[in-house]
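First comes the structure, then the notes that go with it.
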Amino acid sequence: MSRLNVRKKLLTLIMTVMIFSMCLPIHADSIACAIQDVRIIAVDPIGDEVVLKNITDSSVDMTGWFWCRRRSYVLVSSTGPSTLAAGTIGTYSFSLNDISSDVGLYINSAFGSSSSMVDFMMYSSNGSIPSPNRVTVASGKTPKLWPNNTELIDFDFPIVRQDICGNSNDVGADQWCGNGDCFNACTLEGDLNCDNKVDINDFSILAANWLSGTH
């Protein structure tokens, strides 16, 4: 199976288990702890796809929102659904750099304003900082969307967010899984992201682990 097909298969599996999770009860703290209404939960640089999830209990209209990667911009509505119902996910297709990039989500075109940035991540397969980028906007937001300007997600297959709660302790590269190195042994059996609970995020990690051949 080609590397691209494996990536597509992985994203499909992740989408399947996340859709299944919508049938599960929504815990109050999954909403109360959120920094923003919408989170980036998966990125596939090779397949040019990003997955968003609305983690609130109401619909979010993203009309006029923008994607930003390497200071290149595209309307969210031109890449996928402009509205996400409560608890649902959407897949968005647009060009991504195969090696390194930042991915920012904005509510408007004020790209230098941290108050306009909704979510952010930054990846690299070779350790190089993508340039140009908007990481200073993310790290300058209160609370921060990215801990520091040089932190990167190392990846060799589609990148999956391990914790989408969105509080000040779950931002940065440590909250993303891009290769087998982040599959660790936790105290609670089945708790693959060490957040002291077994939930849909652990199922996604397990699926990625299995497809990558590290099971």
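The values are calculated or read from the model by the stated rules, or taken from the named source; none is laboratory data. Because the structure is predicted, anything quoted here is derived from the model rather than measured. Every residue, glycine among them, receives a Cβ derived from its backbone with ideal geometry; neighbour counts consider all protein chains shown.
Listing for the model above:
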{"quantity": "Boolean, Val60 is buried (at least 17 other Cβ atoms within 10 Å of the Cβ), among the β-branched types (Val, Ile, Thr) and without any contact (Cβ under 8 Å) to a residue 40 or more places away in the chain", "calculated": "yes"}
{"quantity": "Filtered residue count, region 110-121, keeping only those that are in contact with a Ser or Thr (Cβ under 8 Å, 6 or more places away or on another chain) and not in a helix (DSSP H, G or I)", "calculated": "1"}
{"quantity": "In region 52-82, the residues that are at pLDDT 95 or above and either touching a helix residue (DSSP H, G or I) at 6+ places or on another chain (Cβ under 7 Å) or hydroxyl-bearing (Ser, Thr, Tyr) (or both)", "calculated": "Met62, Thr63, Trp65, Phe66, Trp67, Ser72, Tyr73, Ser77, Ser78, Thr79, Ser82"}
{"quantity": "Test set (1) among the acidic types (Asp, Glu); (2) loosely packed, with under 15 Cβ neighbours inside 10 Å; (3) closer than 18 Å to Leu75 by Cα - Asp119 fails condition number", "calculated": "(2)"}
{"quantity": "The listed residue being over 15 Å from the mean Cα position of the chain (by Cα) and either modelled with pLDDT under 80 or surrounded by 13 or more Cβ atoms within 10 Å (Cβ to Cβ) (or both), out of Asp98, Asp154, Asp191", "calculated": "Asp191"}
{"quantity": "Enumeration of residues in region 102-116 that are surrounded by 15 or more Cβ atoms within 10 Å (Cβ to Cβ) and farther than 18 Å from Arg39 by Cβ", "calculated": "Phe111"}
{"quantity": "Enumerated strands (runs of 3 or more DSSP E) restricted to region 69-109, each holding at least 1 residues that are among the polar types (S, T, N, Q) and farther than 17 Å from Pro130 by Cβ", "calculated": "89-93"}
